[in-house]
1. Find me the longest stretch of the chain that has none of the exposed GluC sites (Glu not before Pro), where exposed means in a DSSP loop (not H, G, I, E or B) with at most 12 other Cβ atoms within 10 Å.
2. Among DSSP beta bridges whose residues both lie in region 126-229, state the antiparallel percentage, nearest 5.
3. With labels modelled as points extended 7 Å from the Cα through the Cβ direction, what inter-label distance (nm, one decimal) is found for residue 134 paired with residue 182?
4. Using unit Cβ charges (K, R positive; D, E negative) and no other charged atoms, how large, in debye to the nearest 20, is the dipole of region 52-137 about its Cα centre?
5. Go ahead and set up a Gaussian network model of the chain, Cα springs under 10 Å, then flag whichever of 56, 193, 113 fluctuates most.
6. What does the C-alpha gyration tensor say about the overall shape of the chain? Classify as rounded when a/c is under 1.5, otherwise prolate if a/b is larger than b/c, or oblate.
7. Could you tell me which of the pairs 34/215; 16/99; 34/201; 32/227 are separated by over 23 angstrom between their Cα atoms in the structure shown?
8. Compute the Cα gyration tensor for region 65-113, then decide on rounded, prolate or oblate, letting a ≥ b ≥ c be the square roots of its eigenvalues: rounded whenever a/c is under 1.5, prolate when a/b is larger than b/c in the other cases, and oblate in all that remain.
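The values are calculated or read from the model by the stated rules, or taken from the named source; none is laboratory data. Please read these numbers as outputs of a predicted model, since none were measured by experiment. Note that each Cβ is placed from the backbone with ideal geometry, even for glycine, and that neighbours are counted across all protein chains shown. Side chains are part of the model used for accessible areas, which takes the heavy atoms of the whole protein and leaves out ligands, DNA and RNA. Shrake-Rupley method; radii C 1.70, N 1.55, O 1.52, S 1.80 Å.
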Amino acid sequence: MYNGRKVICILLASGKGERFSYHLPKQFFKLKDKTILEYTLTNLSTVEEIDEIILVSNSEFIDESKNISRHFKKVSKVVSGGRTRSISSRNGVLSVEEKNSYILIHDAVRPIVTKELVRNLLEKVEETGSVIPCIRSNDMLLEVENGYFKKVIDRNHVLRVQTPQCFKHEIIYNVYRERSEEHLDYPDDSSIVAENGFKVKIIEGDTKNIKITTKYDIELVEKFLEKGA
Ligand code: CTP
Ligand code: MG
């Protein structure tokens, strides 16, 4: 609970992990003793403010997802995802029954999600109704055209976007309810909220909160987890 509202986390685990090249979707890849999905569920479960977790799973892997989620008592249900990340998000959000809630939407492949980050998001969500964590890029950023240098992008105006993203129920629920599947292909949840004219507040993200995308990310995540992240 936070501010008298229930806190519900939609955990997106319905992707296929094509860039990761493993025989199962990357959320089922084992780091030491546990799958990535189990690490993420473990870390989210320890955040006292989170009351409920709704797991969004690929329908082909629903049994695997249910077997894992059975060990986490905050998981209230497992729902099927869709063709795109936005459709998976929508399926999760529309399955929420509690209107008096804050909704966190998180990528299952970001296992290093901390209490501090979730608290920082919740602290700001009353202000605008939508809050996202972002970090700066350390690399120079470049706009390219047909494989050639076009112009340097001013890094003060560009940020890397992370999850969890936090919304008041009424904002995210209404935005997704009004969209049909063919118009749901966004890279994250804040883009559709912003497109609907809502303000999205930005807070400082966490550089350790990496999204496991390719096999190269594994070593780093294992190092962070060894140190107790
Ligand atoms: N996701 C989802 N439903 C989809 C696509 C993605 O729930 N149709 C989830 C993924 O499971 C992941 C998160 O969204 O937790 C971020 O997506 P990404 O890192 O792109 O994962 P995948 O789509 O699985 O990977 P890839 O793009 O390499 O296939
Ligand atoms: Mg993807």
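1. Segment 98-177 is the longest.
2. Beta bridges within region 126-229, antiparallel portion: roughly 70 percent.
3. Modelled inter-label distance: 3.2 nm.
4. 120 debye
5. 193
6. It comes out rounded by the Cα gyration axes.
7. Distance filter (> 23 Å) returns 16/99; 34/201.
8. In terms of gyration-tensor shape, rounded.
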